[in-house]
Amino acid sequence: MQELKTTIGLEIHVQLKTKSKMFCGCDNDAQGKAPNTVVCPVCLGLPGALPVANKQAIEWTIKTGIALGCEIPKIAKFDRKHYFYPDLPKGYQISQYDEPFAIRGRMEIRNTNSEIRNEEEFVTVRINRVHLEEDAGKLIHAGDKSLVDLNRAGTPLMEIVTEPDVTSPEMAGDFLRKLQKIVRDQVGVSEASMEKGHLRCDANISLCEMQDTITKKQTPKKMSPIIELKNLNSFKFVEKALALVEEKLKSEVDSWPEKLTKETWGYDSVNNKVYLQRRKEEAADYRYFPEPDIPPFDTTVFDLEKMKEEIGQGEEEGVANLIAEGVAEMDAKSLFANKSKLSQFEVIKEEVSDKVLLAKALVHNYFGAELSGAFSTKDIAMALDHLSESKINKGIFAKITKEIIENGRSFEELISNYLSDDKAGDLEMIVEKVLLENHKEVERYKSGQTQLLGFFVGQIMKETKGVANPQIINKILREKLS
Ligand code: ZN
Ligand code: MN
């Protein structure tokens, strides 16, 4: 039986949320502003205007590269990519050609074909490069006229290009969802909303008929045209459009051309259909050459080790590590999603014996106050150890931790106020005092109104400022009242 193998490569543009644009000082946030008002000679492409590269955008691109496991070459440069379009007044885009900021990365994703083909559960999608460029303006079509708005011209765009390692439409969706989390949550450089166009995806898909499936020889015998889908603007649309093209190519296997061909297709999300836009004869020649107004960039000016620390772990890795420490899966996920609680966990866990309880206490808010400010983690850890050994209950734990966090009191001092067995003598005196002061209630209790026990407990708690152990109070009370 013939086997058809799907090959998908992705190109993703991510809009960076820097304060200013890529090569000028214009505001990078033009939302709600009138067309062509957030512009200057540089982003309008006026002759003689000089670009100055945005350091923040470069730093963020390198950081994203690191998060994607890329190598960071010591030297990077910008190049001019020439093409004509009405929303590109310079006649070229400043981009990066052969010396981008990050190369050769990787991302692990779940292999949706693993069961069908008996393959590995995870596959590595290699990242070819991460480079930085400027966005073009926008064309607005109004009736028979086209209008140009250059507010978006010069917005920093990070382009991430994968190798063709994705083997199903669902995996393309998974890759994008994971990438979105990395740039939005882990590295924090973009809002990465596909709907708003902060994250735009182009996909290339082709099918191969394999030579011999019995001996598992992975040599292609025949290849479909390469279909490019441009500007897909939701995860679902990426998956749907790719699935439609995949289906179409499969059904046409007998009429695949001998010669390699390339076609650009569009996706109509309203009718869930794909349609041919154009056939490509030859690769476009952009006549790249080094941008003469921006010198090559020395990336060693950045502290890459510090960047690595700032990025931390990705979600999957982080959750897996928490689970490995014994934390329940649900707790691990919520803990990882809350960066401030996660960092508290990392600090306090060194001092407690029960990390699982620490995670629970953080996720389910056992503490009497928000864990912030300059509280003593050592004292918090001691309180947790007491809770773990059931020496105190959750209510007392909350009271003690509130005092530690808000008033900087020490655990030792607080726990000595808390009347334990060896202080039962003091507690007995308090119980006697309370019973004496409420002799009428004592009589009623003795005549059968045993529900008054709760009233006595309450009075004693008040007297001891709430730190007494209710179980011990109950025990003493029953003795005195019997
Ligand atoms: Zn500008
Ligand atoms: Mn690009």
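Do the conditions hold for residue 78, that is, is it within 16 Å of ligand 2 (Cβ to nearest atom) and of a type in the set (A, V, I, L, M, F, W, C)? Yes, satisfied. Within region 88-110, the set of residues being away from ligand 2 (no atom under 14 Å from the Cβ) and more than 30 Å from residue 167 (Cα to Cα) comprises 89, 90, 91. Return the residues of region 21-42 that are within 8 Å of ligand 1 (Cβ to nearest atom) and closer than 12 Å to residue 54 by Cβ; say none if nothing qualifies. If the condition is that a residue be within 8 Å of ligand 1 (Cβ to nearest atom) and closer than 12 Å to residue 54 by Cβ, then 21, 23, 24, 25, 26, 42 are the ones that fit.
Scanning region 257-312 for residues that are among the acidic types (Asp, Glu) and under 31 Å from the mean Cα position of the chain (by Cα) yields 268, 298, 303, 305, 309, 310. If only residues of region 128-154 that are touching a Lys or Arg at 6+ places or on another chain (Cβ under 6 Å) and within 16 Å of ligand 2 (Cβ to nearest atom) are counted, the one that is farthest from residue 234 (Cα to Cα) is 154.
Within region 1-22, residues that are within 12 Å of ligand 2 (Cβ to nearest atom) have Cβ atoms under 6 Å from residues that are of a type in the set (Lys, Arg) in these pairs: 13/200, counting only partners at least 6 apart in sequence or on another chain. Restricting attention to region 311-327, the residues that are surrounded by 14 or more Cβ atoms within 10 Å (Cβ to Cβ) and assigned to a helix (DSSP H, G or I) total 8. So which residues in region 257-278 are part of a loop (DSSP other than H, G, I, E, B) and either among the hydroxyl-bearing types (Ser, Thr, Tyr) or out of contact with any helix residue (DSSP H, G or I) (no Cβ under 8 Å at 6 or more places or on another chain) (or both)? 257, 258, 259, 260, 261, 269, 270, 271 - these are the residues of region 257-278 that are part of a loop (DSSP other than H, G, I, E, B) and either among the hydroxyl-bearing types (Ser, Thr, Tyr) or out of contact with any helix residue (DSSP H, G or I) (no Cβ under 8 Å at 6 or more places or on another chain) (or both).
For region 132-164, residues that are outside any strand (DSSP E or B), away from ligand 1 (no atom under 15 Å from the Cβ) and without any contact (Cβ under 8 Å) to a residue 60 or more places away in the chain total 2. Among the conditions (1) more than 16 Å from ligand 2 (Cβ to nearest atom); (2) in contact (Cβ under 8 Å) with a residue 40 or more places away in the chain; (3) surrounded by 13 or more Cβ atoms within 10 Å (Cβ to Cβ), the only one that residue 49 does not satisfy is (2).
Taken together, the values in this text are just the output of simple stated rules run on the coordinates, not laboratory data. Note that the structure is a prediction, hence the values are computed from the model and not measured. Glycine also receives a Cβ, built like all others from the backbone with ideal geometry; neighbour counts cover every protein chain displayed.
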